[in-house]
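Peer 1: Below is the structure I would like to discuss, written out as structure tokens.
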Amino acid sequence: MKIGIIGAGNIGGNLTRRLTSLGHQVRVANSRGPQTLTALAEETGATAVTVAEAAHGAEIVVVTIPFKNIPDLPAGLFDGAADGFIVIDTGNYYPRQRDGRIAAVEDEGLTESRWTERRLGHPVVKAFNGTYAADIIDRPRPAGHPERIALPVAGDDEAAKKTVRALIDELGFDTVDAGGLDESWRQQPDTPVYGLRGGVEAVTRALAEASPERTADFRG
């Protein structure tokens, strides 16, 4: 597949490494420009590009940047993407540590990915937001392995979610359907599933145990 990755931090960098190793064509971008991604490109065979170029031809676009920076992405971000392209949102809202207070999330009750979706102007599938970046490299396991981790995946478009789940399976992880995007609060920070290294049963149970109440540590 042709995959664009916007953000080359821990998650974006390790997804670039794994996806290229599986034979996918990856274009990767960050806010500082492609000249800062030379080492990653040489290591992986990915193509370093500007943010505005990342989605060109992409069937999947992974947006993995700080939550507060979503509104700063350029207009026409998805111009030139493949027909029917899918956006994966890996982001989290950290009001105290990084992002500041965002009223639409805290006062209007929008899930974090719904807020992101509205600003991107395109449906998103929420995945990888509670995954340790190192696990993308270190913990893939074949299907049926007793130590295989499961990741929650939320989204409104069932076909898009199916495609994302298949990609995650290829990466070496099981998945659990976490429902639509308005249910994605179940996998936001400080919920039972966030950072959980568990299998399908454990992840399913953790999603069911989640509370929609945002804890004090994650309110601005």
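Peer 1: Mean shadow of the stretch 34-78, computed from the convex hull of its alpha carbons, in nm²?
Peer 2: Details: hull surface 14.8 nm².
The orientation-averaged projected area of the Cα hull of the stretch 34-78 comes to 3.7 nm².
Peer 1: Apply the Kirkwood formula to the stretch 52-128: the hydrodynamic radius equals the inverse of the mean of 1/r over all pairs of different alpha-carbon atoms; give it in Å with one decimal. Present the calculation step by step, with values, prior to reporting the outcome.
Peer 2: Values: mean 1/r = 0.0771 Å⁻¹.
Across the stretch 52-128, the inverse of the average 1/r is 13.0 Å.
Peer 1: Suppose we keep just the DSSP beta bridges with both residues in the chain; what percent of those would be antiparallel, to 5?
Peer 2: Details: 2 of 24 bridges.
Percentage antiparallel, nearest 5: 10.
Peer 1: Cα-based Rg of the stretch 84-130 per 2.2 N^0.38 Å, rounded to two decimals?
Peer 2: Values: Rg = 11.2 Å, N = 47, 2.2 N^0.38 = 9.5 Å.
Compactness ratio reported: 1.17.
Peer 1: Report the Cα centroid-to-centroid distance between the stretch 105-179 and the stretch 47-74 in angstrom, as an integer.
Peer 2: 17
Peer 1: If you don't mind, there's one more thing I want to ask. Sort largest first and round to whole Å: the equivalent ellipsoid semi-axes of the stretch 178-220, each the square root of five times a Cα gyration tensor eigenvalue. Kindly include the intermediate steps, with their values, before the conclusion.
Peer 2: Values: eigenvalues 67, 30, 12 Å².
After scaling each eigenvalue by five and taking roots: 18, 12, 8 Å.
Peer 1: Could you work out how much longer the chain between Thr50 and Ala104 gets when fully extended? Use 0.36 nm per residue separation minus the Cα distance between them, nm to one decimal.
Peer 2: Working: separation 54, 0.36 × 54 = 19.44 nm, distance 2.93 nm.
Net length gain for the segment: 16.5 nm.
Peer 1: Next question. Give me the compactness ratio for the stretch 1-79, meaning the Cα radius of gyration over 2.2 N^0.38 Å.
Peer 2: On the way: Rg = 11.2 Å, N = 79, 2.2 N^0.38 = 11.6 Å.
Cα Rg divided by the expected 2.2 N^0.38 Å: 0.97.
Peer 1: Per residue of the chain, what 222 nm ellipticity follows from adding -39500 (n - 2.57) for every DSSP H run with n ≥ 4, rounded to the nearest 500?
Peer 2: Helices in the chain give a 222 nm mean residue ellipticity of -8000 deg cm²/dmol.
Peer 1: At 1.4 Å probe radius, can you tell me the per residue accessible area of the stretch 1-69 in Å²? Don't jump to the answer; show the numbers that get you there.
Peer 2: Working: 2850 Å² over 69 residues.
For the stretch 1-69, the solvent-accessible area averages 41 Å² per residue.
Peer 1: Test of understanding: express the Cα radius of gyration of the chain as a ratio to 2.2 N^0.38 Å, with N the residue count.
Peer 2: It is 0.96.
Peer 1: With contacts defined as alpha carbon pairs under 8 Å and 6 or more residues apart, what's the relative contact order of the chain in percent?
Peer 2: This gives 17 percent for the chain.
Peer 1: Just the number please: accessible area per residue for the stretch 116-204, 1.4 Å probe, all protein chains included, in Å².
Peer 2: Details: 3850 Å² over 89 residues.
Per residue, the stretch 116-204 has 43 Å² of solvent-accessible surface.
Peer 1: Counting only protein heavy atoms and using a 1.4 Å probe, what share of the accessible area of the chain belongs to carbon plus sulfur, as a whole percent?
Peer 2: The computed percentage sits at 46.
Peer 1: Convert each backbone phi in the stretch 165-177 into a coupling constant with the Karplus relation 6.51 cos²θ - 1.76 cosθ + 1.60 (shift: θ = phi - 60°), then list the ³J(HN,Hα) values in order as whole Hz, x for Gly and Pro.
Peer 2: Result, rounded to whole Hz: 5, 5, 5, 5, 4, 4, 6, x, 9, 6, 9, 10, 5.
Peer 1: Would you mind computing the Rg to Rh ratio of the stretch 136-220 from its alpha-carbon coordinates, Kirkwood style for Rh? List each step's numbers first, then the result.
Peer 2: Working: Rg = 13.3 Å, Rh = 13.4 Å.
Result: Rg/Rh = 0.99.
The values are calculated or read from the model by the stated rules, or taken from the named source; none is laboratory data. Quick caveat, the model's predicted, so the values are computed rather than measured. When the accessible area is computed, the model is the full protein with side chains, heavy atoms only, and any ligands, DNA or RNA have been set aside. Shrake-Rupley method; radii C 1.70, N 1.55, O 1.52, S 1.80 Å.
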